[in-house]
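Bear in mind that the values in this text are calculations on the coordinates, not laboratory data. Model, not experiment: these values are computed from the prediction. Reconstructed Cβ throughout: ideal geometry from the backbone, glycine too, with neighbour counts over all protein chains shown.
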């Protein structure tokens, strides 16, 4: 199994080729590149919480509408928290 | 792809005494469908209106031109996330120790770049070793 980043890179290459099934236009690809470049240039990622900071607590609903409390999770051990944009 | 990759390491994560949760602005009807489709065994939590992403300082607003592009290809964040302002989290993966302190942080402004799950496992292994030394 290839590592995650090389699989992502492969997908990106396929997408940016403009070929099916994605059929991305050159214009759309350039628009996405522009947005990423601007976000990078803004330095926003450097302002995110970092190692040594206290993590915010949360109580959120899972996919089955059960409320999950981060304090309950942490009582059992370390927690990996991954932020995900969406299914699209 | 990242969710599947996290699923593949999840049994090892649990063996290390840790857990995984994924936070997304998407509404529950979408997280439920995705959870089923990918056969995930960890939770996807709906971070409604990105309140927690904001506290982690991962929140950004999509520029108008990108919003137009997304809308034109049927990617409706106003519907998926109830986000009329089209805000999103930057991709980030954190490891939080049992005291609530962040022990690893990987944040990227480029959404096509994600940290390797193996790096996350290494952090958890180091935390476990350290916990043993203290005990």
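Observations on the model:
- Area projected by the alpha carbon convex hull of the range B:86-135, averaged over all directions, nm²: 4.3
- The GNM of chain B, with springs linking C-alpha atoms under 10 angstrom apart, assigns the highest mean-square fluctuation among B:92, B:17, B:100 to B:100.
- Prolate is the label for the protein assembly as shown, because a/c, from the alpha-carbon gyration tensor with a ≥ b ≥ c as root eigenvalues, is 1.5 or above and a/b exceeds b/c.
- Taken residue by residue and averaged, Cβ atoms of other chains lying within 10 Å of the Cβ of A:27-39 number 4.
- For the protein assembly as shown, adding -39500 (n - 2.57) for each run of n ≥ 4 DSSP H residues and dividing by the number of residues yields -13000 deg cm²/dmol at 222 nm.
- Residue among A:54, A:75, A:34 with the largest mean-square fluctuation in a Gaussian network model of chain A, springs linking Cα atoms under 10 Å: A:75
- The shape of the range A:1-41 comes out oblate: with a ≥ b ≥ c from the C-alpha gyration tensor, a/c is at least 1.5 while a/b does not beat b/c.
- Inter-chain Cβ neighbour count for B:85-91, averaged per residue, equals 3 (cutoff 10 Å, partner chain atoms only).
- Overall form of the range B:2-134 per C-alpha gyration tensor (a/c, 1.5; a/b vs b/c): prolate
- Normalised contact order of the range A:4-76, rounded percent, pairs of Cα under 8 Å and 6 or more residues apart: 12
- The distance from the alpha carbon centre of the range B:34-62 to that of the range A:27-88 is 7 Å, rounded to a whole number.
- Here r is the Cβ-Cβ distance between residue A:17 and residue B:128 and R0 is 45 Å; the resulting FRET efficiency, rounded to 0.05, is 0.55.
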